[in-house]
């Protein structure tokens, strides 16, 4: 009788542990399987007209975090390998002294990319300000005159690399 009383709570505990492992491990496993054929090195990456670099935070002094530097460096490597023609920086700029795209562009220039090959999407609060006609700067056009980029469903505008 005592063995049966101990066995039931232990089985419930084991079932909860197994469910926790599945709940935490399954998303990683599915992501790994799904993305395995979509991961590239600079050498085997397919050519594209543009590399899009998403923001990943700034340090307190306004410089890119290590993750952001790695993203920008990878885009720069793709540029110098001839895999992309332009680099588009996308990041947060909601606050006066927080400008992810500007910091990303400064880092790319420091790595040797000419400023004329760099563009950014700059968020100003909830609105974005159009400064240039995007289809002429990036070389592609949709029916609305804005570039067709797959990463966002909301309207966006490009800001040139002035200054």
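One table, with the values for the structure above:
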read-out	value
Lone unmet requirement of (1) touching a strand residue (DSSP E or B) at 6+ places or on another chain (Cβ under 9 Å); (2) surrounded by fewer than 21 Cβ atoms within 10 Å (Cβ to Cβ); (3) farther than 15 Å from residue 117 by Cα for residue 67	(1)
Residue count for region 77-86, restricted to those that are assigned to a helix (DSSP H, G or I) and either in contact with a strand residue (DSSP E or B) (Cβ under 7 Å, 6 or more places away or on another chain) or buried (at least 21 other Cβ atoms within 10 Å of the Cβ) (or both)	2
Residue list for region 29-60, filter: surrounded by 10 or more Cβ atoms within 10 Å (Cβ to Cβ), without any contact (Cβ under 8 Å) to a residue 60 or more places away in the chain, assigned to a loop (DSSP other than H, G, I, E, B) and at negative phi	40, 42, 45, 47, 48, 55, 56, 59
Filter result (over 19 Å from residue 49 (Cα atoms) and surrounded by fewer than 22 Cβ atoms within 10 Å (Cβ to Cβ)) within region 87-108	92, 93, 94, 95, 96, 97, 98, 99, 102, 106, 107
Selection status of residue 63, within 30 Å of residue 121 (Cα to Cα) and either in contact (Cβ under 8 Å) with a residue 12 or more places away in the chain or not assigned by TED's automatic domain parsing to the domain that holds residue 119 (or both)	yes
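The values are calculated or read from the model by the stated rules, or taken from the named source; none is laboratory data. Bear in mind the structure is a predicted one, so any value in this text is a computation, not a measurement. Counting neighbours? That spans all protein chains shown, and the Cβs are built from the backbone with ideal geometry, glycine included.
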